[in-house]
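> Before I ask anything, here is the structure I am working with.
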Amino acid sequence: MTGDAVNIADVYDAKGFDFQGTRNFDAQTGYRSKSMLVVPMKNHENDIIGVLQLLNARDEERNEVVSFSAKCQEMTESLASQAAVALSNNRLIHDLEALMESFIRAIATAIDEKSQ
């Protein structure tokens, strides 16, 4: 909601957030959500158009869940930025296609009207 990335070491101990949905998911699946990184996807107008949410960073050497590092957060923020550009481009292309179809329909209707 604020546009800032949220990096949480343990969602079960986090204050200020409602993780009841996460707890319910964990209870149903036997999974244990711990570390979480949530990064907003912002378009060229700085509007939030989505989020990337990562769960449970792993330390491969110790084979355990750890917090997301600052480096991982920085890379995820870059990825979120690129994902937002791709999503915005996709929406723009869709809107252009719809505009072209409307324009063609308007021309066809004008031609039909003039033919009568």
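The values are calculated or read from the model by the stated rules, or taken from the named source; none is laboratory data. Computed from a predicted model, the values in this text were never measured in an experiment. Every residue, glycine among them, receives a Cβ derived from its backbone with ideal geometry; neighbour counts consider all protein chains shown.
> In contact with a Gly (Cβ under 8 Å, 6 or more places away or on another chain) and in a loop (DSSP other than H, G, I, E, B) - does that describe any residue in segment 65-75?
No, that holds for no residue.
> Criterion first (of a type in the set (Lys, Arg) and touching a Ser or Thr at 6+ places or on another chain (Cβ under 9 Å)) does Arg32 satisfy it? Please lay out each step first, then the result.
Values: of a type in the set (Lys, Arg): yes; touching a Ser or Thr at 6+ places or on another chain (Cβ under 9 Å): no.
Against the criterion (of a type in the set (Lys, Arg) and touching a Ser or Thr at 6+ places or on another chain (Cβ under 9 Å)), Arg32 does not qualify.
> For segment 5-55, which positions are assigned to a loop (DSSP other than H, G, I, E, B), within 13 Å of the chain's Cα centre (by Cα) and of a type outside the set (A, V, I, L, M)?
Asn43, Asp47
> Can you find a residue in segment 43-60 that is among the β-branched types (Val, Ile, Thr) and at pLDDT 95 or above?
No.
> Please find, within segment 80-116, the residue that is surrounded by the fewest Cβ atoms within 10 Å (Cβ to Cβ) out of those that are touching a residue at least 40 places away in the same chain (Cβ under 8 Å) and within 30 Å of Asp10 (Cβ to Cβ).
Ser81
> In segment 31-54, is there at least one residue being under 28 Å from Arg91 (Cα atoms), among the small types (Gly, Ala, Ser), touching a residue at least 40 places away in the same chain (Cβ under 8 Å) and surrounded by 11 or more Cβ atoms within 10 Å (Cβ to Cβ)?
No, every residue in segment 31-54 fails to be under 28 Å from Arg91 (Cα atoms), among the small types (Gly, Ala, Ser), touching a residue at least 40 places away in the same chain (Cβ under 8 Å) and surrounded by 11 or more Cβ atoms within 10 Å (Cβ to Cβ).
> Within segment 19-30, take every residue that is over 14 Å from Val6 (Cα atoms) and either of a type in the set (A, V, I, L, M, F, W, C) or in contact (Cβ under 8 Å) with a residue 24 or more places away in the chain (or both) and give me the one that is surrounded by the fewest Cβ atoms within 10 Å (Cβ to Cβ).
Looking at the filtered set, the residue picked out is Ala27.
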